[in-house]
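Inspection log for the structure reproduced underneath, given as structure tokens.
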Amino acid sequence: MTLSNHGLAGLLVGALLLCAPTACRAPSPGEAPRVIRDVPAFSLTDQGGQPFGSDQLAGEAYVVSFFFTSCPTICPRIQGAMLELQAALKKQGHRCRLVSITVDPSNDTPEKLATHAREFGADLERWTFLTGDPKEVRASVTKAFVTHMGDMEETAPGLMDIGHGGHLILVDAQGRMRGTYEAVADDTQARILADLGRL
């Protein structure tokens, strides 16, 4: 899938979520972002091989991204946006967590995620990388977070890719989805920080 298709998929999912009956009108300045939906309970495996999911995130706001370590297209930009958000949250002293879920769980083992996190400069006190049983990962991505997750396919000779949402999702401390944001948009970080400040 091309970069533009990744972005289109993320925008489409975001539009569908944000056009729910309770979320069509934009919030007034200073108003908390509207609840889009409750995020169903989920449990996967973190980069240390330990169970991690909604139970471990209970009581904390978090931002979710979707990626895979061998992604040749948009994933480095998505994770770059998360890295910048990590720095901004630390600077502001905000406790918001970051979660990145691989869409290639068959290849992205906890060990591979740990290496990726270390090389990427992730602060594992704040940022968690998740993998797990492929069926559980797919259910978490598509059902818990209502995000597209395709199958591995060859998009060009020797180039393998997995279509997935190119957006970030904000979940509040009560486990309710509050916003979707195109990961590579210029104003994404500012919008997330502003929405966090209104929760």
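The values are calculated or read from the model by the stated rules, or taken from the named source; none is laboratory data. Here the structure is a predicted model, which is why all the values come from computation and not from measurement. In case anyone asks, the SASA skips ligands and DNA or RNA and just uses the protein heavy atoms, side chains included. Shrake-Rupley method; radii C 1.70, N 1.55, O 1.52, S 1.80 Å.
In percent, what relative contact order does segment 47-199 have, based on Cα pairs under 8 Å that are 6 or more apart in sequence?
Contact order relative to length: 30 percent.
I need to check one value: relative contact order of segment 98-152, counting alpha carbon pairs closer than 8 Å and at least 6 residues apart, in percent.
44 percent
State the percentage of accessible surface on segment 42-199 attributable to carbon and sulfur atoms; use a 1.4 Å probe and exclude ligands, DNA and RNA.
Looking at segment 42-199 in its full context, I get 48 percent from C and S.
Can you give me the relative contact order of segment 63-117 as a percent, contacts being Cα pairs under 8 Å and 6 or more apart?
49 percent
Cut-off under 20 Å on the C-alpha distance; same-chain residues fewer than 8 positions from K90 excluded. Which aspartates and glutamates are left, in chain and number order?
Partners found: E60, E119, D123, E125, D172, D186, D187, D195.
If the cut-off is a Cα-Cα distance under 16 Å, which lysines reach K143, setting aside same-chain residues fewer than 8 apart in sequence?
K135
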